[in-house]
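**Student:** Structure in structure tokens, see below.
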Amino acid sequence: PITKRKVVVVGSGPAGLTAAILLRMNGFETVVIEAENKIGGILSTHLPKFRFDNEILLKKFNELESGIKFIFNTKVGKDIQIDKIFDYDYQVIAIGAESPIRMIYSENVFSGHEILRKYHDDDLNIKNKKIGVLGCGNVAIDVARSLKKLGNDVSIIYRRTLENAPATKHELHDAKIDGIDFKELLSLNTFENNVATFDEMGLMPKVGNERQKFYKTGNQTKENFDILVEAYGSNPV
């Protein structure tokens, strides 16, 4: 039963859904505002279908909608004014990190988020290309596997070694099974006329449980790519 005041949760990704469920279970009247037309955030818009079944989210929504009010297709600051969320007694902001980290802006350089969104929507027409994916987190792995499934020659390029990668061992294993090539200890310096110049990196001795720090050795190597994808991570908007 509702025994407490009204709370609004902005965003229905994993964090927003978790917050909304816990708040409703503890007696709050809970409203969720979502910019997309469905729950899930990046789970429902970017995660490849071979990695996550969206039917799980549909089932969860059917369970939740009787107790939580959802407002879809509504972006705070655009579709409704920011001050409107202060009409509620409490506010939870759970919009995630939606702004990809970009280093290079060029016709043949994409962000990992852009690739995943198009692949998820079956709108990615990139085939038979030689592609380098920069980074080695789970997003980079998803990007590389998605592009590989379209028939591309894909390499993941990482400035550390795989034992320092933020991607899980399970994700790394699946990428290797898919035939993804890994190039370690390389950091992109320039990309011009489809020629990528990389600084060769070295690693400092490991300290505790931290990832090893890297440094430039002074050497460089070059390789041709049709496309590069930056998948370093994201910042909050």
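The values are calculated or read from the model by the stated rules, or taken from the named source; none is laboratory data. A quick note: this is a predicted structure, and the numbers were derived from the prediction, not measured. Please note: Cβ atoms are built from the backbone with ideal geometry, for glycine as well, and neighbour counts cover all protein chains shown. Each accessible area value is taken on the protein alone, full model and side chains, heavy atoms only, with ligands, DNA and RNA left out. Shrake-Rupley method; radii C 1.70, N 1.55, O 1.52, S 1.80 Å.
**Student:** Using a 1.4 Å probe, what is the accessible area per residue for the chain, in Å²?
**Tutor:** With all protein chains present, the chain gives 56 Å² per residue.
**Student:** Sticking with this one: If I model a spin label as a point 7 Å beyond the Cα along the Cα-Cβ vector, how far apart are those points for residue 226 and residue 187 in nm?
**Tutor:** Each label point is offset 7 Å from its Cα along the Cβ direction, giving 3.0 nm.
**Student:** Rank 207, 32, 154 by mean-square fluctuation in a GNM of the chain with C-alpha springs under 10 angstrom and give only the top-ranked residue.
**Tutor:** Between 207, 32, 154, it is 207 that shows the largest mean-square fluctuation.
**Student:** Could you tell me the relative contact order of the chain? Use alpha-carbon pairs under 8 Å, at least six residues apart, and round to a whole percent.
**Tutor:** 20
**Student:** Can you compute the charge dipole magnitude of the stretch 60-182 about its Cα centre, using +1 on each Lys and Arg Cβ and -1 on each Asp and Glu Cβ, nothing else charged? Give it in debye, rounded to the nearest 20.
**Tutor:** Once rounded to the nearest 20, the dipole reads 480 debye.
**Student:** Moving on. Name the longest site-free stretch of the chain, where the excluded sites are GluC sites (Glu not before Pro) in a DSSP loop with no more than 14 other beta-carbon atoms within 10 Å.
**Tutor:** 108-209
**Student:** Let me ask another. Just flag the chymotrypsin sites (Phe, Trp or Tyr not before Pro) in the stretch 91-165 sitting in loop per DSSP whose Cβ has no more than 12 other Cβ atoms within 10 Å.
**Tutor:** 105
**Student:** Additional query: Enumerate the whole-percent occupancy of each 10 Å bin, from 0 to the last occupied one, for all C-alpha pair distances of the stretch 1-75.
**Tutor:** P(r) for the stretch 1-75, in whole percents per bin: 21, 53, 23, 4, 0.
**Student:** Can I ask one more? Starting from the stretch 1-81, pick out the trypsin sites (Lys or Arg not before Pro) whose DSSP state is loop and whose Cβ has at most 11 other Cβ atoms within 10 Å.
**Tutor:** Passing both the DSSP loop test and the Cβ count: 5, 49, 78.
**Student:** Given Cβ point charges of +1 (Lys, Arg) and -1 (Asp, Glu) and nothing else, what value in debye, to the nearest 20, does the dipole of the stretch 58-132 about its Cα centre take?
**Tutor:** With only Lys, Arg, Asp and Glu charged at Cβ, the dipole is about 420 debye.
**Student:** Tell me the accessible surface of residue 66 in square angstrom (1.4 angstrom probe, heavy atoms of protein chains only), to the nearest ten.
**Tutor:** Solvent-accessible area, nearest 10 Å²: 110 Å².
**Student:** What value in Å³ per residue do you get for the convex hull of the alpha-carbon atoms in the stretch 190-237?
**Tutor:** 124
**Student:** Could you list log10 I(q)/I(0) for the stretch 11-124 at q = 0.11, 0.16, 0.20, 0.22 Å⁻¹, which the Debye formula gives when each Cα is one point scatterer?
**Tutor:** The Cα Debye sum returns log10 ratios of -0.43, -0.83, -1.15, -1.29.
**Student:** Run through the stretch 1-74 and list the chymotrypsin sites (Phe, Trp or Tyr not before Pro) located in a DSSP loop whose Cβ has at most 15 other Cβ atoms within 10 Å.
**Tutor:** Sites meeting the loop and neighbour criteria: 50, 72.
**Student:** Another question about this same structure. Take the alpha carbon gyration tensor of the chain, find the square roots of its eigenvalues, order them as a ≥ b ≥ c, and report rounded if a/c is under 1.5; if not, report prolate when a/b exceeds b/c, else oblate.
**Tutor:** prolate
**Student:** What percentages make up the Cα-Cα pair-distance distribution of the stretch 82-184 when the bins are 5 Å wide from 0?
**Tutor:** Histogramming the stretch 82-184 at 5 Å steps yields 2, 11, 20, 21, 16, 9, 6, 5, 5, 4, 1 percent.
**Student:** A follow-up question, please. Quick check: pseudo-label points 7 Å beyond the Cα along Cα→Cβ at residue 71 and residue 50, how many nm apart are they?
**Tutor:** My value for the distance between the label points is 4.0 nm.
**Student:** Which percent, nearest 5, of DSSP beta bridges in the chain are antiparallel?
**Tutor:** 35
**Student:** Which pairs break 22 Å Cα to Cα here: 127/216; 127/176; 169/206?
**Tutor:** 127/216, as the Cα separations exceed 22 Å there.
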